[in-house]
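Notes to accompany the following structure.
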There are 2 protein chains.
Amino acid sequence: MSRHTVTFLPGGVAVATESGRTVLETAAAAGVGINSACGGQGTCGKCKVMVLGEDGEVLACQLLVERDLTVEIPPESQVRDSSILTKLSVGAALTVGEAPLAQRVAVELAPPGAARHEADAERLLRALRQRFGGAFQDYALDLAALRALPAVGRSQDWRFDAILADVNGVGRVIGVEPSASAAYGLAIDLGTTTIVAALLELETGRVVGSHAQLNGQTRFGADVISRIIYAQENENGLAELREAARDTINHCVESVLREHDLEPDDALAAVIVGNTVMTHLLLGVDPANIRREPYVPAFRSLPTLRAADVGLAIRPGAPVYLAPCVSSYVGGDITAGALAAAVTDSPQLTLFIDLGTNGEAVVARDEWAVCCSCSAGPAFEGSGLDYGMYAASGAIERVAYDPATDTVDYGVIGDEAPRGICGSGYVDTLAELLRAGVIDRSGRIALDFASPRVRVRSEIPEFVLVWGSEVNRAEDISVGQDDIQTLIRSKSAVYSGVATLLDSLNLRAMEIERLLIAGGFGNYLHPDHAVAIGLLPDLPRERIRFLGNTALTGAGMALLAREARQRTEAIAARMTNFELSAVPSYMERYVSGLFLPHTDLSLFPSVTQG
Amino acid sequence: MSRHTVTFLPGGVAVATESGRTVLETAAAAGVGINSACGGQGTCGKCKVMVLGEDGEVLACQLLVERDLTVEIPPESQVRDSSILTKLSVGAALTVGEAPLAQRVAVELAPPGAARHEADAERLLRALRQRFGGAFQDYALDLAALRALPAVGRSQDWRFDAILADVNGVGRVIGVEPSASAAYGLAIDLGTTTIVAALLELETGRVVGSHAQLNGQTRFGADVISRIIYAQENENGLAELREAARDTINHCVESVLREHDLEPDDALAAVIVGNTVMTHLLLGVDPANIRREPYVPAFRSLPTLRAADVGLAIRPGAPVYLAPCVSSYVGGDITAGALAAAVTDSPQLTLFIDLGTNGEAVVARDEWAVCCSCSAGPAFEGSGLDYGMYAASGAIERVAYDPATDTVDYGVIGDEAPRGICGSGYVDTLAELLRAGVIDRSGRIALDFASPRVRVRSEIPEFVLVWGSEVNRAEDISVGQDDIQTLIRSKSAVYSGVATLLDSLNLRAMEIERLLIAGGFGNYLHPDHAVAIGLLPDLPRERIRFLGNTALTGAGMALLAREARQRTEAIAARMTNFELSAVPSYMERYVSGLFLPHTDLSLFPSVTQG
């Protein structure tokens, strides 16, 4: 049986496979996500792909691999990720620049015994200096590397790998090992509600895998304020919060490493991005003053730490870089996200919104950037809602409702039976129910709506999205009246924050030339629907782009190039913080925003016309 | 009862005392050592001192303090140290320069809330930058300091102390505390046989105390070679050796801290000087290649480490500087010693000899310096001899023998009953026994010598220095035939090493303009006696100076000023290593040196004349 190579686009993942397997099977075995609903029967039509050099589309489940192929997966057939949306797309590759946070360097040293009793360490440092020249201010060995060097050098005939970390501009050798090719790093999004760890190959920038998990801190409070209070009011509160975040991170890291048969020592570096409070808590620094006048954090930017200091379960000497914060409520997730989304240094007036448990907005043009933060709550991450879930496998991420036939068409992440609803699914649901008249502009469910999907359960009105019987579930999946009110409060917090910021800058929404949305709430955010419910300002849709988890992408970029880390620091230094709470009108705007799309319909002409 | 102040010279220690006490009592209470043999009866005459502004000498035990006095203790009345000679003299002060390894800095910060949400850490770093300017390349906070800063800053109204360490030129804040005055550092001599820790005040450079102890590694072997072999041949040998050295250091450190009611956290920095093998073992770096061709160490110079990394039981983030090594057998104790003794950069041709378990010699003039090492064994540290002991309280350090009356006159460190004999006592004994004819030039005890002190015990001839009955001891204190042969081998190793080095450099001994002797073998080394037994070359005596433990003094200097650390690195970089073992004649010279003073008497004209 002969073997062929299938290369998948976009991403460029090349997979060797046996003759006679289908392209769909080949993709699945390699972790490349192609949609499929019928299990490869050729009936659902969801796995359409194009073969390079051939015309038209074919079904991946019907196409047998008989020769080397390059297959392009169109957007509608992509499962961007096999399990969870917010990871960097598996198989994609970020750019590796000069001085990744750590790198595996093959070195060859002169044997010992040359001039002046030069020590092993000196010969290694000299080799690195010759190779990298002025790329590092200076070079040094840490103790672990020093301990390994004499034996590794001699056993390998002085050809071996040095693990070289960029520690604040100094080239620090954190390991000395026999030659190998594996060199991995981690990009970690330390979210208030969800923590995501993505594993990257340091040499190629390729995203190997990822793992996401509910932040263990949520048991101490849903948002940053309640956690600050918990840390203050409980004897070991700060330590408990620290350990919870660290343990969740480590669980994500262990999971993704184990999945790829890697050991903790194989992870050579990590970049962590999180909001200011999360960053404080992870390092065991009391964030109490963040919510006391004059709202000052203990730190914003930090030198590169060591994994052992942070408690990260990777190589103990691995460098850990934390993206710099701007202010008490605008953190490293935003500076890293602004890096990934190229928010700054554009001549276009850009509005960047990151929808997490906190919603942050940045308005930027050229070198100028102003940011603010508002407390959106974790609803768009699927937390605190009856059937809410993170944008992971089994989450309903797209919803369309046809009142004429009373049918709900929905898409599920990972092409499996639905288990719950993620942020983008809720945005769609609200917009669709409003359009159909199931809910009114205040979000109230019309109990007289002529559909069995509208019902009252435990005295609370709800709308059934998925009948359990249809998907072999004991329970139906529904959206309740309380969920709807929670979502409306969240979207109003974001919209009114953005509006207040723009107003303070004397900008009208229509002047925004680019609206970039980031967040971990689904594969796609339907711009029409986001505007229809009043989450986003009513801009021409072509100006709106959904970018996914930019914080995680920015973390990956910072992992792979010093220039990216430097740009992140420059972005943080340049951003001006704007304190929404200092603006009395913010609260009024918030209340006005508790309608769909808004009390003031003139703000949403396209919605009213539609 | 009125109180007066007595100031003691040299050293300048000022002591408050009650009216009517004697100067001797006042000195003893303050730990200032003045000799006394009669217990203050006024009969032995050993406590002679001078009172400033008065003529002549008086006995300190007879002089009552009735007013403020300044008292000068002449060298012959000084007990240089109350317990052990090799420490820096307690009460003396070394010079504090720019950038001690750590310092306590009183800072006052602007309160929070000024421009741009500047974080606590930024305000602290700005204050340090303003104060120290370019003295540090950059400034940073470690995690411990960052964690303490928000609460300490606010509770102290932003006036507090920062503990600022010099970590390879970067000003690193390792602690943030309420204002205090205590700031201590440690100078540690990591000897093959003996470990000494001296406690210094970082602000004043004053030596507060010290503690010495037998290196716990001695149970694995007496010299560096046997320890390298132990590390190689035993599964956990390297770890055992590492722990033994670390534990002894920590015991010394804990003892001296406890003695001064200090906590581990009060020690803010440490400098460790040791030979190359000791330094490798302390850090857990395998020294095996030091004794394998081509005799290359794993490292010579290291960046500043953290106490926690080294396992030092002081403040975990405290910087630990290890003096750089020159070669496999010339280590940081020699570079630090050369710093303390100002061996280099002198227009005088200088020979510097450090007598430890290894004997090292440096020949230097101007910027040129050549060094070598020979295995002297621990005899001059009092180890491996019947009644040998380190130069601590109770050690006989000076010996004179009058054969006419058969009396031995001796001096004991710390003015207590003799417990054993230290290196300088043995040098005196050998010289005196040779002069009196008790031993011949080969060291053999003349059993027909007409004195009851010469006797045979357990079939081994010996000479009794102190009758136990005279000092209330069960045992006499004696020097046996085996001791004498061990001492002769030690002195020959040193002398022949020096002679080989000088010969290789085409230098004659008489060209040496300064002969500087260092080591921990007693308060004084009698130059006539050291030459008489052939330990030192026969130079005019005024060229010979005994400097005590220069390694420890150099460690103290490096602790107190960056310039001293830089000079140590420069000394290490400049020294050329000379390998004695590569010179075939070394062994012949060694054999020729196994006589008193030498086989070739023409090398010792002054001795032969005498």
Can you tell me the orientation of helix A:237-259 relative to chain A, as the angle in degrees between its alpha-carbon axis and the longest Cα principal axis, to the nearest 10?
80
Between A:Ser606 and B:Ala182, with labels modelled 7 Å along Cα→Cβ, what's the label distance in nm to one decimal, could you check?
6.9
Need one number: convex hull volume per residue for region A:429-484, Cα atoms only, in Å³.
82
Taking the beta-carbon count within 10 Å as an exposure proxy, list B:His598, A:His260 from fewest neighbours to most.
A:His260, B:His598
Work out the P(r) tail for region A:237-367: percent of alpha carbon pairs separated by more than 25 Å, whole number.
33
Roughly how big is the protein assembly as shown's charge dipole about its Cα centre, with Cβ charges of +1 (Lys, Arg) and -1 (Asp, Glu), in debye to the nearest 20?
1100
Compute from the Cα atoms of region B:102-177 the Rg and the Dmax, the latter being the longest Cα-Cα distance, and quote both in angstrom.
11.4, 33
P(r), alpha carbons of region A:135-220 - 10 Å bins starting at zero, rounded %:
16, 30, 30, 19, 5, 0
Sort out for me the Cα centre separation of region A:585-610 from region B:148-210, rounded to whole Å.
60
Between A:His251 and A:Arg159, with labels modelled 7 Å along Cα→Cβ, what's the label distance in nm to one decimal, could you check?
4.6
Rounding to the nearest 10 and keeping the result within 0 to 90°, find how far the Cα-based axis of helix A:550-560 lies from the longest principal axis of chain A.
10
Plugging the Cβ-Cβ distance of A:Val170 and A:Ser581 into 1/(1 + (r/R0)^6) at R0 = 41 Å yields, to the nearest 0.05, a FRET efficiency of 0.50
Using the reciprocal of the averaged 1/r over all distinct C-alpha pairs, how large is the Kirkwood radius of region B:497-537 in Å?
11.6
Given only helices, namely DSSP H runs of n ≥ 4 each adding -39500 (n - 2.57), what is the per-residue ellipticity at 222 nm of chain B, to the nearest 500 deg cm²/dmol?
-8500 deg cm²/dmol
With the label 7 angstrom out along Cα to Cβ, how close does B:Glu233 come to the same site in each of the other copies, in nm, nearest first?
6.7
Express in nm, to one decimal, how much length is gained between A:Val58 and A:Ser226 on full extension, taking 0.36 nm for each residue of separation and deducting their alpha carbon distance.
55.2 nm
In Å³ and rounded to a whole number, note down the convex hull volume per residue for the Cα atoms of region B:375-497.
100
Starting with the fewest neighbours, write out B:Glu459, B:Glu416 ranked by other beta-carbon atoms found within 10 Å of each beta-carbon.
B:Glu459, B:Glu416
Averaged over all directions, how much area does the convex hull of the C-alpha atoms of region A:484-566 cover when projected, in nm²?
6.9
Nearest-first distances (nm) between copies at B:His251, label 7 Å from Cα via Cβ:
4.6
At a Förster radius of 51 Å, what calculated FRET efficiency corresponds to the Cβ-Cβ distance of B:Glu511 and A:Arg129, to the nearest 0.05?
0.80
Residues whose placed amide H lies under 5 Å from that of A:Lys48, excluding near-sequence neighbours:
A:Ala60
Which values, in whole Å and largest first, are the semi-axes of the equivalent ellipsoid of chain A obtained as the square root of 5 times each eigenvalue of the Cα gyration tensor?
43, 32, 21
Averaged over its residues, how many other protein chain Cβ atoms are within 10 Å of peptide B:289-297's Cβ atoms?
5
Using Cα atoms only, what is the angle between the long axis of helix A:562-574 and the major principal axis of chain A, expressed in degrees (0 to 90) to the nearest 10?
50
Hey, what's the per residue convex hull volume over the C-alpha atoms of region B:510-610, in cubic angstrom?
140
Rg(Cα) of region A:322-409 divided by 2.2 N^0.38 Å?
1.42
In the protein assembly as shown, with Lys and Arg counted as +1 and Asp and Glu as -1 at Cβ, which of these residues, B:Thr194, A:Ala318, B:Val51, has the Cα nearest the positive end of the dipole, that is, farthest along it?
B:Val51
Got a sec? How would A:Met587, A:Met575 order by Cβ neighbour count within 10 Å, fewest to most?
A:Met587, A:Met575
Using a 7 Å offset from the Cα along the Cα-to-Cβ direction at both B:Asp402 and B:Trp467, what is the distance between the two label points in nm, to one decimal?
1.6
Output the Cα-based Rg and Dmax of the protein assembly as shown in Å, rounding Rg to one decimal and Dmax to a whole number.
39.0, 132
What are the nm distances, shortest first, from B:Ser581 to its equivalents in the other copies, labels at 7 Å along Cα→Cβ?
7.0
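Taken together, the values in this text are just the output of simple stated rules run on the coordinates, not laboratory data. Just so it is clear, the structure is predicted and the values come from calculations on it, not from any experiment. Don't worry about glycine lacking a Cβ; one is built from the backbone with ideal geometry, like all the others, and counts go over all protein chains shown.
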